[in-house]
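Down below is the structure, laid out as structure tokens.
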Amino acid sequence: MCFAKDKMDRVEAIGCHLAQADYDIVCLQEVWCMDDYKSLVNYTKSNMPYSYYFYSGLNGSGLCVLSRWPIVETLFFKWPLNGYFYMVHHADWFGGKGVGLLQIDVAGYLVNIYTTHTHAQYKPGDDDNYLGHRLAQSLDTALLIRRTCRDADIAILAGDLNSIPSQLCMKTIAHVAKLIDSYEHHDEESGCGTYGPSRNSYSRGLGEDGGPIGDRIDYIMYRPGVDVLAEVESYTFPLEKQVPGREFSYSDHEAIAVTLKLSPATSNSTILF
């Protein structure tokens, strides 16, 4: 059994949105319950018929991907430093967290998708007992990307990295893996954080400074291959502030959507991610 506030209603709302949307690839985190994963797969079987769940630990990694395009290969790297088994109420260790890699054939482009969810920061500032864990996870993720992306036309990292852009974890990922943050192309509405903004019914005010903007800790980053140019056409919050007709948000984190335009020497193609 998996318990979360308004979970069944929110899974249904997310599934309905995904079924009606025009995404090429969707990465989800904290999908702990297999029934929820199967439900989302069922909602999207027409427009995203390919899917994969990264099983790990006792309950699963929580990571899954839905795709309009065929999945060619998969790989999961479980982090060696992953929380403490005796911190049962934090549960990160039991999830066997790590980074999942899928190679997806998108209209002839070989796209490496990396999805992950680093260790949560349960206490702010100097009381953060897991900073070392997150930093090690960030370095391992960056090294994995750097060593596996050479044959890809583009590498894309999407997930909850539990760090704001100015922190060492994010600087490590960006520098070691040579990733570009798509946020610089955000629109007015998506200019706030993904966790703790005033628009979110579950996490408003829970950002590190408690302000209305919240913290930006969820990312879509990319690294084009040597023969490909990549241009961000849009960065948005694709979901409404609240589930239509209800008084709660879809999640305690804001979803982000990025449209990438890939330009090889001969043609253009657009990927909605």
Revision key, fill the gap. Residue count, the range 161-189, condition touching a Leu at 6+ places or on another chain (Cβ under 7 Å), surrounded by 22 or more Cβ atoms within 10 Å (Cβ to Cβ) and either β-branched (Val, Ile, Thr) or touching a residue at least 60 places away in the same chain (Cβ under 8 Å) (or both), comes to 1
Point to revise | Index of the failed condition, Pro80 passing every other in (1) at pLDDT 95 or above; (2) under 27 Å from Ala155 (Cα atoms) | key: (1)
Check your understanding: Where in the range 47-160 are the strands (runs of 3 or more DSSP E), entirely inside, with at least 2 residues that are crowded, with 22+ Cβ neighbours inside 10 Å?
Key -> 64-67, 98-106, 109-117, 154-160
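Yes/no matrix, rows are residues, columns are (1) of a type in the set (A, V, I, L, M); (2) in contact (Cβ under 8 Å) with a residue 60 or more places away in the chain; (3) under 22 Å from Pro70 (Cβ atoms):
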residue: Val106; (1), (2), (3): yes, yes, yes
residue: Val111; (1), (2), (3): yes, yes, yes
residue: His117; (1), (2), (3): no, yes, no
residue: Ser138; (1), (2), (3): no, no, no
residue: Leu157; (1), (2), (3): yes, yes, yes
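Every residue in the range 180-217 that is of a type in the set (Gly, Ala, Ser) and closer than 21 Å to Ala120 by Cα, please. If you could, list the steps in order and put the result at the bottom.
If we filter the range 180-217 for residues that are of a type in the set (Gly, Ala, Ser), which is where we start, we get 182, 190-191, 193, 196, 198, 201, 203, 205, 207, 210-211, 214.
Once the filter is applied, which keeps residues that are of a type in the set (Gly, Ala, Ser) and closer than 21 Å to Ala120 by Cα, the range 180-217 yields Gly193, Gly196, Ser198, Ser201, Ser203, Gly205, Gly207, Gly210, Gly211, Gly214.
So if I check each of Asp140, Asp187, Asp181, which one is in contact with a Phe, Trp or Tyr (Cβ under 8 Å, 6 or more places away or on another chain), at pLDDT 95 or above and within 21 Å of Ile25 (Cβ to Cβ)? Give the steps one after another, and end with the answer.
On the way: Asp140 fails: within 21 Å of Ile25 (Cβ to Cβ); Asp187 fails: at pLDDT 95 or above.
So the residue among Asp140, Asp187, Asp181 that is in contact with a Phe, Trp or Tyr (Cβ under 8 Å, 6 or more places away or on another chain), at pLDDT 95 or above and within 21 Å of Ile25 (Cβ to Cβ) is Asp181.
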Check your understanding: Checking Ala19 against (1) assigned to a loop (DSSP other than H, G, I, E, B); (2) of a type in the set (Gly, Ala, Ser); (3) surrounded by fewer than 16 Cβ atoms within 10 Å (Cβ to Cβ), which test does it fail?
Key -> (1)
Check your understanding: Can you pull out the residues in the range 83-130 that are of a type in the set (A, V, I, L, M, F, W, C) and at pLDDT 85 or above?
Key -> Val99, Leu101, Leu102, Ile104, Val106, Ala107, Leu110, Val111, Ile113, Ala120
Check your understanding: Does Leu229 fit the bill of being under 30 Å from Arg146 (Cβ atoms), of a type in the set (A, V, I, L, M) and surrounded by fewer than 17 Cβ atoms within 10 Å (Cβ to Cβ)?
Key -> yes
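Tell me, which residue of the range 215-242 that is among the aliphatic types (A, V, I, L, M) and within 19 Å of Cys192 (Cβ to Cβ) is nearest to the chain's Cα centre (by Cα)? Steps first, answer last, please.
So the first thing to find is which residues in the range 215-242 are among the aliphatic types (A, V, I, L, M), and the list is 217, 220-221, 226, 228-230, 232, 239.
Now restrict to residues that are within 19 Å of Cys192 (Cβ to Cβ): 217, 220-221, 232, 239.
Working: Ile217: 10, Ile220: 7, Met221: 10, Val232: 17, Leu239: 15 Å.
Per the stated criteria, the residue is Ile220.
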Practice item. Quickly run through the range 214-226 and pick out the residues that are in contact with a helix residue (DSSP H, G or I) (Cβ under 8 Å, 6 or more places away or on another chain) and either more than 11 Å from Val258 (Cβ to Cβ) or surrounded by fewer than 19 Cβ atoms within 10 Å (Cβ to Cβ) (or both). Key: Arg216, Arg223
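The values are calculated or read from the model by the stated rules, or taken from the named source; none is laboratory data. In this text, all values refer to a predicted model and were calculated from it rather than measured experimentally. We place every Cβ from the backbone using ideal geometry, glycine too, and count neighbours over all the protein chains shown.
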